[in-house]
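Since the structure comes first, as structure tokens, the remarks are kept for the end.
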Amino acid sequence: QVQLVESGGGLVQPGGSLRLSCTASGSIFRLYGMAWYRQAPGKRRDLVATITTGGSTNYADSVKGRFTISRDNAKNTVYLQMNSLKPDDTAVYYCVTLPAEFGSWGQGTQVTVSS
């Protein structure tokens, strides 16, 4: 089973940017579609973005035009570039292999957007 480790979270001011990384163990990372989810305190875990093995992407309406998901199969890593961050983006961000209901989840990385 693939093991995932997220990094890159932190505290950023509104309007700022962060890039999250999710690195997978094993050599079969390229065979998985990947996704980023997020969970704010007291709220459900929501889908943020997905990327297929072929590189096709989809985004939640709330992040379209601000976030970009990408992958580097040579580095076993999926990224989430987050620009124009808002306080509502504050959450723990998780990466997961797809389909998520059967997938491997990382431990999460905290993103806090606050002045």
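The values are calculated or read from the model by the stated rules, or taken from the named source; none is laboratory data. Please read all numbers here as calculations on a predicted model, not as lab measurements. FYI the Cβ positions are ideal-geometry reconstructions off the backbone, even for glycines, and counts take in every protein chain you see. Ligands, DNA and RNA are stripped out before the accessible areas are found, and what is left, the full protein with its side chains, is counted by its heavy atoms. Shrake-Rupley method; radii C 1.70, N 1.55, O 1.52, S 1.80 Å.
For the reader, a short list of remarks on this structure follows.
- Taken as a whole, the condition of being farther than 13 Å from residue 2 by Cα, open to solvent by 50 Å² or more (accessible area, probe 1.4 Å) and free of Cβ contacts under 8 Å to residues at least 12 places away in the same chain does not apply to residue 88.
- Taking region 27-51 as the range and being open to solvent by less than 60 Å² (accessible area, probe 1.4 Å) and in a loop (DSSP other than H, G, I, E, B) as the test, the residues that pass are 33, 40.
- When 55, 65 are checked against the criterion of being outside any strand (DSSP E or B) and open to solvent by less than 70 Å² (accessible area, probe 1.4 Å), 55 stands alone in meeting it.
Here's the yes/no breakdown for (1) at pLDDT below 95; (2) in contact with a Cys (Cβ under 9 Å, 6 or more places away or on another chain):
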| position | (1), (2) |
| --- | --- |
| 1 | yes, no |
| 6 | no, yes |
| 9 | no, no |
| 12 | no, no |
| 19 | no, no |
| 25 | yes, no |
| 35 | no, yes |
| 41 | yes, no |
| 45 | no, no |
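- Residues (open to solvent by 60 Å² or more (accessible area, probe 1.4 Å) and assigned to a strand (DSSP E or B)) located in region 91-115: 105, 110
- If you filter region 1-22 down to residues that are out of contact with any Phe, Trp or Tyr (no Cβ under 9 Å at 6 or more places or on another chain) and closer than 19 Å to residue 74 by Cα, you find that the one that is surrounded by the fewest Cβ atoms within 10 Å (Cβ to Cβ) is 1.
- Residue in region 91-115 that is farthest from the chain's Cα centre (by Cα), counting only those that are of a type in the set (Ser, Thr, Tyr) and over 14 Å from residue 7 (Cα atoms): 115
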